[in-house]
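Before any comments, here is the structure.
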Amino acid sequence: MQIDLNADVGEAIGDDEGVVPLVSSANIACGFHAGNPGLMRTTAQLARRHGIAVGAHPGFHDLEGFGRREMRVSTAEVENLVAYQIGALAGVAAAEGVRLSHVKPHGALYNMAARDGSMADAIARAVRAVDASLVLFGLSGSQLVAAGERAGLQVASEVFADRGYRPDGSLAVRGTPGAVMTEVASVAQRAVGMASGRGVTCVDGTEVPVKADTICIHGDTPGAAALARAVRDALTAAGIEVAAPMRRHLR
């Protein structure tokens, strides 16, 4: 068995030095919800040093709200802001000899696209227009995964070891009970369960099935490096190899 372990980084609030060496994919903030050109470049440099796949992590233009506030935007605006941010990171990463491998939307943009097919299609169009070989990460079972498939992109169904789930398969809203998990052993156990196809226990105690191609550890979760280490060790102990998704042109 094989699965990707990814982290959202380059956001100036997490332990990138501690987390990046432990994952297989790094989603780098592109300056709209967090980050800046200098931080984008140093984070790409860090990922290259550790042989980690680099992806764009585009979000709403919302530094004050860290991209976690839902916004009313047209599908054209979504397509443009995603294409712009992918292009920005691609250029900065190229200066470090790094080519992008994937795209994972951030925060409210990600969650809105998970349930809104039109917004999801706009994101998929932007990814395909910039580089059709990029892998699109989306919440398992969501509209974003379906949109990527409709667009002919390679997709990776994403699950979250450190986030609570609602019975419909969506993520629990931050600030509500059980939305963010920090207990190391529990997070590691959940990761192995999801990677093994056993689904996930929701905040209300129900079980929901999930397809897991990639597992996220948020770089800004308290103790993120310890969580990433525990998850990686637990996956390895369970016989599950940690490796980034392959791009089509590399197959």
**OP:** Within region 72-91, track down each residue that is surrounded by fewer than 23 Cβ atoms within 10 Å (Cβ to Cβ), in contact (Cβ under 8 Å) with a residue 24 or more places away in the chain and either touching a helix residue (DSSP H, G or I) at 6+ places or on another chain (Cβ under 7 Å) or over 18 Å from Phe60 (Cβ atoms) (or both).
**Re:** Thr75, Glu79, Ala83, Gly87, Ala90
Subject >> Search result, residues across region 97-120 that are of a type outside the set (A, V, I, L, M, F, W, C) and more than 17 Å from Gln85 (Cα to Cα) >> reply: Gly97, Asn111, Arg115, Asp116, Gly117, Ser118
Original post:
Ala126 is checked against (1) in contact with a Pro (Cβ under 7 Å, 6 or more places away or on another chain); (2) over 19 Å from Arg41 (Cβ atoms); (3) in a helix (DSSP H, G or I) and fails just one. What number does that condition carry?
Top reply: (1)
Original post:
If you scan region 181-220, which residues turn out to be over 16 Å from Gly239 (Cα atoms) and basic (Lys, Arg)?
Top reply: Lys211
Original post:
Does Ser196 meet the test of being within 26 Å of Val54 (Cα to Cα), polar (S, T, N, Q) and in contact with a helix residue (DSSP H, G or I) (Cβ under 9 Å, 6 or more places away or on another chain)?
Top reply: no
Original post:
Do you know which of the residues in region 31-63 that are farther than 21 Å from Gly138 by Cα and buried (at least 21 other Cβ atoms within 10 Å of the Cβ) is farthest from the chain's Cα centre (by Cα)?
Top reply: Leu46
**OP:** For region 147-166, indicate whether the set of residues that are modelled with pLDDT of 95 or more, of a type outside the set (D, E, K, R) and part of a helix (DSSP H, G or I) is non-empty.
**Re:** yes
Subject >> Candidate set from region 203-238 (those that are more than 20 Å from the chain's Cα centre (by Cα) and in a loop (DSSP other than H, G, I, E, B)); member that is surrounded by the most Cβ atoms within 10 Å (Cβ to Cβ) >> reply: Val203
Original post:
Is it the case that region 179-195 has a residue that's aliphatic (A, V, I, L, M), surrounded by 13 or more Cβ atoms within 10 Å (Cβ to Cβ) and part of a loop (DSSP other than H, G, I, E, B)?
Top reply: yes
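The values are calculated or read from the model by the stated rules, or taken from the named source; none is laboratory data. These numbers come from a predicted model, not from an experiment. So basically every Cβ, Gly included, is an ideal-geometry build from the backbone, and we count neighbours across all protein chains shown.
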